[in-house]
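The values are calculated or read from the model by the stated rules, or taken from the named source; none is laboratory data. This structure is a prediction, so every number in the text was calculated from the model and none was measured. Here Cβ is always computed from backbone atoms with ideal geometry, including for glycine, and neighbour counts include all displayed protein chains. Note: accessible area is taken over every heavy atom of the protein model, side chains too, but ligands, DNA and RNA are not part of it. Shrake-Rupley method; radii C 1.70, N 1.55, O 1.52, S 1.80 Å.
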Amino acid sequence: MKKIFALMLLCTVFAACTGKIVSEPFEPAREWAEQGLTSSYVFAKGKALMNPSISWGDKRRMEARDVAVENARANMLELIEASYINEALPVSRLVEGDAFLESQISTVIEKNSRTVRTEWSKTDCTVIIRLPRKSLMEIGITLVK
């Protein structure tokens, strides 16, 4: 009985790791983009090379991931500044005259952005982060898609 239970547990863990337990028709609809604006999120992509001077593999990967996240946050700030609040007013025009607004946007990005995908190759790390548009609305920035 213990062997059967252990085998069932092992199969369940294996199925969970492959992502085949939940069938696709029952999954909620997800918005996804590698970089850009969707109706609910702002997505940004960051990339960083791994440092070959670090010999320990996991530490090298984590440092590359941290740098890629910072790169993605900088890309997200540029993407938000390139977006428009209404038909004629870009965010960059508001930020030009107000350094506090830019720091406020950076703080919102740092606190509310989440990593949704991390991919490693032999030489680099690519990260995609997302920021809910609601968090920008809380500081008074409503982006037009």
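When you check T142 against the structure, is it polar (S, T, N, Q) and not in a loop (DSSP other than H, G, I, E, B), yes or no?
Judged against the criteria, T142 is not a match.
Looking at (1) touching a strand residue (DSSP E or B) at 6+ places or on another chain (Cβ under 9 Å); (2) among the aliphatic types (A, V, I, L, M); (3) open to solvent by less than 70 Å² (accessible area, probe 1.4 Å), find the lone condition where I141 falls short.
(1)
For region 36-48, what are the residues that are open to solvent by 30 Å² or more (accessible area, probe 1.4 Å) and touching a helix residue (DSSP H, G or I) at 6+ places or on another chain (Cβ under 7 Å)?
S40, Y41, K45, K47
Going through region 121-138 one residue at a time, which ones are buried (at least 16 other Cβ atoms within 10 Å of the Cβ) and within 30 Å of G57 (Cα to Cα)?
Matches in region 121-138: C125, T126, V127, I128, I129, R130, L131.
What are the residue pairs meeting all of these: first residue in region 129-145, first residue within 18 Å of N86 (Cα to Cα), second residue assigned to a strand (DSSP E or B) and at pLDDT below 90, Cβ atoms under 8 Å, and 6 or more apart or on different chains?
The qualifying pairs are R133/L37; L143/L37; L143/Y84; V144/Y84; K145/L37.
For E70, all conditions in the list (1) farther than 23 Å from K47 by Cα; (2) open to solvent by 60 Å² or more (accessible area, probe 1.4 Å) hold save one; what is the number of the exception?
That leaves (1) as the condition not met.
Under 7 Å between Cβ atoms, which residue pairs at least 6 apart in sequence (or on different chains) link something in region 97-122 that is within 17 Å of K45 (Cβ to Cβ) with a partner that is polar (S, T, N, Q) and open to solvent by less than 60 Å² (accessible area, probe 1.4 Å)?
E119/T126
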